[in-house]
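Single-structure report; data block below.
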Amino acid sequence: MKFLIASLGDFERWKEVKYRFGEETSVGPSTLTILQKHINPDWTVIVLSDTIGKDFSSLEALREDIKNRVLDFLDRIGAGREVDIIIVPGIGEFSHGTFKGSAMDTYYYLLYNFVHILPTSGPIEVHFDITHGLNYITLLVYRALKELLGILAIGDPVRFVAYNSDPFVPKVTKELTINVIEEGRIEPQPLSEPLPDFNKYIFPNSNDKKDIGKRNKELKNKLKVFKFLREKQRPLEAWIGSVVLGLPLMFIENFPNKKELEEVVEEVLNEWENAIEISDKLVQRTLKLERGFGVLEKILFQVKVLEKYLPQNPPSIDNLYKVSNQIFRGATKERVNTELGKIEDRAIKYVSLGLFPDWMLLRDFFWRQDANRNIVRRNLLAHAGFEMNVTEVKIEGWKVKDANHETRNHVFLRYCKNVKRNIEIEISKALKEGL
């Protein structure tokens, strides 16, 4: 699937100019038409700042004003209406109005929208045009895109191309060439950020310390996201660590609840939007989105991307091999498969003797009573999470025909319930501190 994403500024002020891309030429105020013709995207996404809005009667009216004007512009240049329009929160003082808030709201708002727009399955090409972009907003579009595409690339091929035209010089420029300034395949880059403390999700945008303290306390008492974090932060960080560190059993057992994530993300965004104050020629964002909100959005996107690889729980060795081969790469995948191979080989010996033991510790399964019984983080990670003191194994009985090839489908693994919390703590620490 092909996406064309364009970051635009004040489009109504642009002059007509001749653009060239390869052998194709086009005359108009924007690169959008010629890029659509050349790329033939399945969908187009346009990003604009709300600072070009002129209707200050409400937040909805401000956005609707911009949307209607940009749709008229698209009709005029023949770019069509098959688009998503993202109107991001901007800042600055202009002749028509003043917009106050945190510049980083743009980034978090972009993450939120891209999480809902980008497909999460199948090969994708993203073409990004920065020709008409508005200063820092273009940089934040690029950042949000590249981070989410890195997550998307865990499961499917992702290609990224960025464009920019030659500079326009009034009374001098006769033709502008559109240049490819970046092109290549996106390498998989799973989320590796831990969840921050509770002040880093949504916060008062104020210089008044008394006001900050009061509103921050109100937010923490009011919003369900903080109750969610108190219960889920450690399991979520263990899941983040499972993907980046190569721990397939933790990946399966701690797979997050997508609906819960969607609800808390929506709650935070709604609270932020409801606190935007609009009056005559003034937009004041009294709350600001913070890093933790961005991490929650990226967890949600990673869940959407990887949920198709989630097998039944408890998983069989065959299921764990599949997870490893689908989401891990290089040395990480080899380490996981090596550890699974050791368990499978031992299970084959049991089955060959007609033995089908119920749940037991790997320590007992391997007859290793002399093994160190302390949970050591380095040991846990070195064995891809299959540490002898914390992992249990079971072989279900079946009518065996070929033990060498069938056994992997009948051997199941799980973590011991009474030490699961300890395992999560160690993985969370590894995510924050390293090995």
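Any chance you could count how many residues in segment 184-210 are loosely packed, with under 13 Cβ neighbours inside 10 Å and either farther than 30 Å from residue 158 by Cα or without any contact (Cβ under 8 Å) to a residue 24 or more places away in the chain (or both)?
5
Show the residue pairs meeting these rules: Cβ distance below 7 Å; 6+ apart or different chains; first residue within segment 415-435 and charged (D, E, K, R); second residue at pLDDT below 90.
Sorted first by the residue in segment 415-435, then by its partner, the pairs are 426/375; 426/377; 429/377.
Looking at residue 374, is it touching a strand residue (DSSP E or B) at 6+ places or on another chain (Cβ under 8 Å), of a type in the set (S, T, N, Q) and in a loop (DSSP other than H, G, I, E, B)? Break it down into steps so the answer makes sense when it comes.
On the way: touching a strand residue (DSSP E or B) at 6+ places or on another chain (Cβ under 8 Å): no; of a type in the set (S, T, N, Q): yes; in a loop (DSSP other than H, G, I, E, B): yes.
Here the answer is no, as residue 374 does not meet what is asked.
To keep it simple, each residue is scored yes or no on (1) at pLDDT 95 or above; (2) touching a strand residue (DSSP E or B) at 6+ places or on another chain (Cβ under 9 Å).
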{"site": "351", "(1), (2)": "yes, yes"}
{"site": "357", "(1), (2)": "yes, yes"}
{"site": "369", "(1), (2)": "no, no"}
{"site": "380", "(1), (2)": "no, no"}
{"site": "388", "(1), (2)": "no, yes"}
{"site": "411", "(1), (2)": "yes, yes"}
{"site": "422", "(1), (2)": "no, no"}
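Give 283, 268 a once-over and let me know the one that is outside any helix (DSSP H, G or I) and either buried (at least 22 other Cβ atoms within 10 Å of the Cβ) or of a type in the set (Ser, Thr, Tyr) (or both).
Answer to the check: 283.
Looking at segment 305-316, which of its residues are in contact with a Ser or Thr (Cβ under 9 Å, 6 or more places away or on another chain) and surrounded by fewer than 21 Cβ atoms within 10 Å (Cβ to Cβ)?
Result: 307, 308.
Can residue 232 be described as buried (at least 18 other Cβ atoms within 10 Å of the Cβ), at pLDDT 95 or above and of a type in the set (Lys, Arg)?
So residue 232 passes the test.
Which of the following residues is acidic (Asp, Glu) and under 30 Å from residue 392 (Cβ atoms): 260, 266, 218, 193?
The conditions single out 260.
Quickly run through segment 348-375 and pick out the residues that are farther than 23 Å from residue 405 by Cβ and either touching an Asp or Glu at 6+ places or on another chain (Cβ under 7 Å) or surrounded by 13 or more Cβ atoms within 10 Å (Cβ to Cβ) (or both).
Matches in segment 348-375: 359, 360, 361, 363, 364, 368, 371, 375.
Is one or more of the residues making up segment 357-379 under 19 Å from residue 254 (Cα atoms) and not β-branched (Val, Ile, Thr)?
yes
Does residue 345 fit the bill of being in the same structural domain as residue 398 (by TED's automatic domain parsing), surrounded by fewer than 20 Cβ atoms within 10 Å (Cβ to Cβ), of a type in the set (D, E, K, R) and not in a helix (DSSP H, G or I)?
no
From the list 217, 232, which one is charged (D, E, K, R), in contact (Cβ under 8 Å) with a residue 12 or more places away in the chain and either closer than 30 Å to residue 381 by Cβ or in a helix (DSSP H, G or I) (or both)?
232
Out of curiosity, is residue 67 free of Cβ contacts under 8 Å to residues at least 60 places away in the same chain, of a type in the set (Lys, Arg) and farther than 17 Å from residue 163 by Cα?
For residue 67, the condition - free of Cβ contacts under 8 Å to residues at least 60 places away in the same chain, of a type in the set (Lys, Arg) and farther than 17 Å from residue 163 by Cα - is met.
The values are calculated or read from the model by the stated rules, or taken from the named source; none is laboratory data. This is a predicted model, so every value here is computed, not measured. FYI the Cβ positions are ideal-geometry reconstructions off the backbone, even for glycines, and counts take in every protein chain you see.
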